[in-house]
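A quick write-up on the structure given underneath.
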Amino acid sequence: MVTSPVFRFAPSPNGALHLGHALSALLNFRLAHSQHGRFLLRIEDIDVERCTPAFEQAIYDDLNWLGIQWEHPVRRQSEHFSDYEAVLKKLIRENLVYPAFMSRGDIRAYISETADHGKSWPRDPDGVPHYPPIDRRLSARERRKRMASGAPFAWRLDVKGALARISQPIDWTEFLDESLAHSENIDARPESWGDIVLARKDIPTSYHLAVVLDDARQSVTHIVRGRDLFHATSIQRLLQELLNLPKPSYFHHRLVLDENGRKLSKSESDTGLGKLRAAGATVEDVMRLIGLGAGQELG
């Protein structure tokens, strides 16, 4: 049975969409059309403090203005915390995650002391130091004691333990351009991230856990997103293998940069789609700014 390809655009409603989001949304929408597939919109609002209904409505307004249509209903992550929690509990039972109690200050102090002994400290692809191995070595009794006392903690994935459960090498199919005509296999390197956070004490998921579960449950086959998330694919492929989830294909597209060559941010109001629209910009202006012609063929 041949299934239609499924693409998705999954923004977080914690700020205004900018030109970079426009490129990603339009690429996904156009590729879904050219591949005779489906296009989904997902609202990634697990950060309940920063995500707001106003920003969510602005996403719908911006996408409608760009001429993008999506299937309904829209999946909102905040409505599915119980789904993520069930998977988290499974990973806890299998001893693949552990409660991590060290604060940022604790981590800095530990690394500083270690560096004083002449040892360098590994960092993840984003430049953040790996989490120290102290809490991974705690006994189950000590963990329960600290948790019962109300100590703040996060659930972290034991990456080495997870890799030990998987017998085959982990890789993914990466498309090389917007035509999706050419691809190559990329070897995943989840160990480069160290023990990532999979959930918080008060929120039973994180970006990495929620995104792989949502992509699987929505039958997403093609993940088209910015180049800044290329390295994150390694840890997400590990989770997919660990949880026996389908293996999507990926295309990490070019980024829209500001005049200083930096990736756009939601704090950059002059690139916000709503601000551009209010200033009189047209959809054609947006297409020009992101280097995507209105009639450009992708396939």
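Any residue in the stretch 178-188 that is of a type in the set (G, A, S), in contact with a strand residue (DSSP E or B) (Cβ under 7 Å, 6 or more places away or on another chain) and part of a loop (DSSP other than H, G, I, E, B)?
yes
Select from the stretch 127-176 the residues that are touching an Asp or Glu at 6+ places or on another chain (Cβ under 7 Å) and surrounded by fewer than 12 Cβ atoms within 10 Å (Cβ to Cβ) and write down the one among them that is modelled with the highest pLDDT.
The qualifying residue modelled with the highest pLDDT is L176.
Does the stretch 13-61 hold any residues that are small (G, A, S), under 17 Å from Y250 (Cα atoms) and in a helix (DSSP H, G or I), and which are they? Show your work before the answer.
Of the residues in the stretch 13-61, the ones small (G, A, S) are 15-16, 20, 22, 24-25, 32, 34, 37, 54, 58.
Filter once more, keeping what is under 17 Å from Y250 (Cα atoms): 24-25, 32, 34, 37.
Correct list: S24, A25, A32, S34.
Of a type in the set (G, A, S) and without any contact (Cβ under 8 Å) to a residue 40 or more places away in the chain: which single residue out of G127, G161 fits that description?
Criteria check complete, one pass: G127.
Only one of (1) touching a strand residue (DSSP E or B) at 6+ places or on another chain (Cβ under 7 Å); (2) at pLDDT 95 or above fails for P53. Which number is that?
All conditions pass for P53, except number (1).
Can you confirm whether V48 is more than 19 Å from L273 (Cα to Cα), of a type in the set (A, V, I, L, M, F, W, C), within 17 Å of the chain's Cα centre (by Cα) and modelled with pLDDT under 95?
So V48 fits the description; yes.
So which of V211, V286, V224 ends up being within 25 Å of E49 (Cα to Cα), at pLDDT 95 or above, among the β-branched types (V, I, T) and crowded, with 18+ Cβ neighbours inside 10 Å? Before the answer, list the steps.
Details: V286 fails: within 25 Å of E49 (Cα to Cα); V224 fails: within 25 Å of E49 (Cα to Cα).
After ruling out the rest, the residue left standing is V211.
When you scan the stretch 96-130, how many residues do you find that are among the hydrophobic types (A, V, I, L, M, F, W, C) and under 22 Å from the mean Cα position of the chain (by Cα)?
4
Restricting to the stretch 187-208, name every residue that is small (G, A, S) and surrounded by fewer than 17 Cβ atoms within 10 Å (Cβ to Cβ).
S192
The values are calculated or read from the model by the stated rules, or taken from the named source; none is laboratory data. Computed from a prediction, not measured in an experiment: that's the story for all the values here. Virtual Cβ from ideal backbone geometry, glycine too; neighbours counted across all protein chains shown.
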